[in-house]
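Everything below concerns the one structure shown next.
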Amino acid sequence: MAEARGPGEPLPRRAVVQALLAERGELLVVAGLGAPAWDATAAGDHPLTFPLWGGMGGAAMVGLGLALAQPARRVLVLTGDGEMLMGLGALATIGVARAANLAIVVLDNERYGETGMQETHTAAGVDLAAVAAACGFGDAATARTMGEVERLRERVHAGAGPLFAAVKVAPDRLPLVLPPRDGAHLKNRFREALLGPQAHFQA
């Protein structure tokens, strides 16, 4: 685990994800492509985590579909600022849908980590939490301390959604911790963990 930063400095991203997924229970997790998927895997590969290997900009909408299909289950989307900026329209759709069991957490390192660490618009002051609030999220904030992350975790598991949080993390280049690459395997594993062994035989 990366060491903690000083006051006011961006947080170590894997410590953030480890804290959010600690004692996760039956939480359903959609991990956006790239670093969020590696971070979720580093916290412990889990059959109720669905890592996206592609489809940049789609993580939030995958999470919304899952939350609407499974209203009794809590759903967490872990994604990055680059991906969220590519799919900003998703925030409007989620705000209108008002899925009370859905949380979107953006690991905001102000960089496009998959294409060379170029700065994203959040580095120039774009406030994703303010965008989410304007789209109808009743709970939208930016977290900058591990104490705020711990309180965020509580809201992910028990708060009224839709919830949005941007967590300011450091633009570290970390060793890759890759989930399985087989998309069919990931889909079937997730469905079976969610719906039981009979799901394998459903159309």
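Considering only residues in region 53-62 that are touching a Leu at 6+ places or on another chain (Cβ under 8 Å) and modelled with pLDDT of 95 or more, the one that is surrounded by the fewest Cβ atoms within 10 Å (Cβ to Cβ) turns out to be VAL62.
Of the helices (runs of 4 or more DSSP H) that lie entirely inside region 1-85, not one contains 2 or more residues that are touching a helix residue (DSSP H, G or I) at 6+ places or on another chain (Cβ under 7 Å), free of Cβ contacts under 8 Å to residues at least 12 places away in the same chain and not hydroxyl-bearing (Ser, Thr, Tyr). Among the residues of region 121-130, the ones that are without any contact (Cβ under 8 Å) to a residue 24 or more places away in the chain and more than 28 Å from ALA160 (Cα to Cα) come to 2 in all. Does LEU28 qualify as being surrounded by fewer than 18 Cβ atoms within 10 Å (Cβ to Cβ) and modelled with pLDDT of 95 or more? When the stated conditions are applied, LEU28 does not pass them. Considering each residue of region 112-120 in turn, at least one proves to be small (Gly, Ala, Ser) and without any contact (Cβ under 8 Å) to a residue 40 or more places away in the chain. Scanning region 13-32 for residues that are among the charged types (D, E, K, R) and within 22 Å of LEU194 (Cα to Cα) turns up GLU23, ARG24, GLU26. Checked against the criterion of being buried (at least 24 other Cβ atoms within 10 Å of the Cβ) and more than 10 Å from the chain's Cα centre (by Cα), the candidates GLY34, GLY82 yield just one match: GLY82.
So, ALA170, is that one touching a residue at least 24 places away in the same chain (Cβ under 8 Å), touching a His at 6+ places or on another chain (Cβ under 9 Å) and either acidic (Asp, Glu) or surrounded by 15 or more Cβ atoms within 10 Å (Cβ to Cβ) (or both) or not? When the stated conditions are applied, ALA170 does not pass them.
Could you tell me how many of the residues in region 40-99 are hydrophobic (A, V, I, L, M, F, W, C) and over 20 Å from VAL149 (Cβ atoms)? Of the residues in region 40-99, 23 are hydrophobic (A, V, I, L, M, F, W, C) and over 20 Å from VAL149 (Cβ atoms). Report whether or not VAL96 is surrounded by fewer than 19 Cβ atoms within 10 Å (Cβ to Cβ) and touching a residue at least 40 places away in the same chain (Cβ under 8 Å). Yes; evaluated as a whole, the condition is true for this residue. Would region 101-109 turn up any residue that is aliphatic (A, V, I, L, M), in contact with an Asp or Glu (Cβ under 6 Å, 6 or more places away or on another chain), surrounded by 23 or more Cβ atoms within 10 Å (Cβ to Cβ) and in contact (Cβ under 8 Å) with a residue 12 or more places away in the chain? Yes, because at least one residue in region 101-109 is aliphatic (A, V, I, L, M), in contact with an Asp or Glu (Cβ under 6 Å, 6 or more places away or on another chain), surrounded by 23 or more Cβ atoms within 10 Å (Cβ to Cβ) and in contact (Cβ under 8 Å) with a residue 12 or more places away in the chain. Checked against (1) more than 20 Å from LEU21 (Cα to Cα); (2) buried (at least 19 other Cβ atoms within 10 Å of the Cβ), HIS121 passes all but condition (2).
The values are calculated or read from the model by the stated rules, or taken from the named source; none is laboratory data. These numbers were taken from a predicted model, which means no experiment stands behind them. Note: ideal-geometry Cβ built from the backbone for every residue, glycine included; neighbour counts use all protein chains shown.
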